[in-house]
Structure formats: structure tokens, C-alpha cells
1. Name the pairs whose Cβ atoms lie under 6 Å apart, with the first residue in the stretch 32-61 and within 17 Å of A14 (Cβ to Cβ), the second modelled with pLDDT of 95 or more, and 6 or more positions between them or separate chains?
2. Could you list, in sequence order, all residues of the stretch 5-47 that are polar (S, T, N, Q) and assigned to a helix (DSSP H, G or I)?
3. Six or more apart or on different chains, Cβ under 8 Å: which pairs go from a residue in the stretch 92-106 that's under 16 Å from L81 (Cβ atoms) to one that's of a type in the set (S, T, N, Q)? Could you list them?
Amino acid sequence: MAQKKVVNEKIVNAQRWNGHVKSWQNSGLTQKEYCYQNKISEKCFGYWLRKHRKVSSLQLIPVHIESVVSSTSNQSSGLELKFANDARIEIARNFDSETFARVVRIIASL
């Protein structure tokens, strides 16, 4: 039960700082002026602003899923991701999970 309370407090804290970031963006004030007027730490505000910008830069994109039936029954089926810029990632049925996990971590860090 104590762990749930800690998680809830973290969510409330993140929402509070997200509110400050949005208020500052609409205020027309410098970060220093906003922090002074709201009696908050410039250092903490900068930390949460960086987190806000990182999250805000992530976005969902529409994905078109198409089912392809192979004419060869012995051909292994896997997963292929095609991107708008003609890039693609093909994952075979018997892929190496460690390599795939590394690829996912690299993509997530971009």
C-alpha cells in the first residue's frame, strides 16, 4: 500500500510541474521571473522543463497494418516494419531477442 502512495505522489508532483511549465509558456515571462513570482526553484523548474520537452517531442504516428499471405508454406513468417522514407526493419521468426532489445533501446533513445 505504501508503494502505491509513493507512485500517486510522484504522479501528482509531475502534474504540478507540468502545470507550471504550461503556465510559464503562456505567461510571457522569463524562466527566472516566473520562478520568482511563483516561489519555485529555478533549478527544479529547469529539470521539469527538460522532462516536459523530452516527452513533448515524442509523438504517435498512424500505422497501416497489412496482412500478407505467403505463397510458400515453408517460408518463416516474421515482422516487417516499413517507414515512409523507404526504410524498413525486418524481424525473422527466429530472431535474436538480445539484438532486438538493443535495437528497441536505441530507437527509444532517439
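1. Matching pairs, first to second residue: F45/C35.
2. Passing the criteria: N8, N13, Q15, N18, S23, Q25, N26, S27, Q31, Q37, N38.
3. Correct list of pairs: A92/S76; R93/S76; R93/S77.
Yes/no per residue for (1) loosely packed, with under 10 Cβ neighbours inside 10 Å; (2) touching a Gly at 6+ places or on another chain (Cβ under 6 Å); (3) outside any strand (DSSP E or B); (4) modelled with pLDDT of 75 or more:
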site	(1), (2), (3), (4)
L49	no, no, yes, yes
L58	yes, no, yes, no
I61	yes, no, yes, no
H64	yes, no, yes, no
V68	yes, no, yes, no
S77	no, no, yes, no
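The values are calculated or read from the model by the stated rules, or taken from the named source; none is laboratory data. Note that the structure is predicted; figures quoted are calculated from it, not measured. FYI the Cβ positions are ideal-geometry reconstructions off the backbone, even for glycines, and counts take in every protein chain you see.
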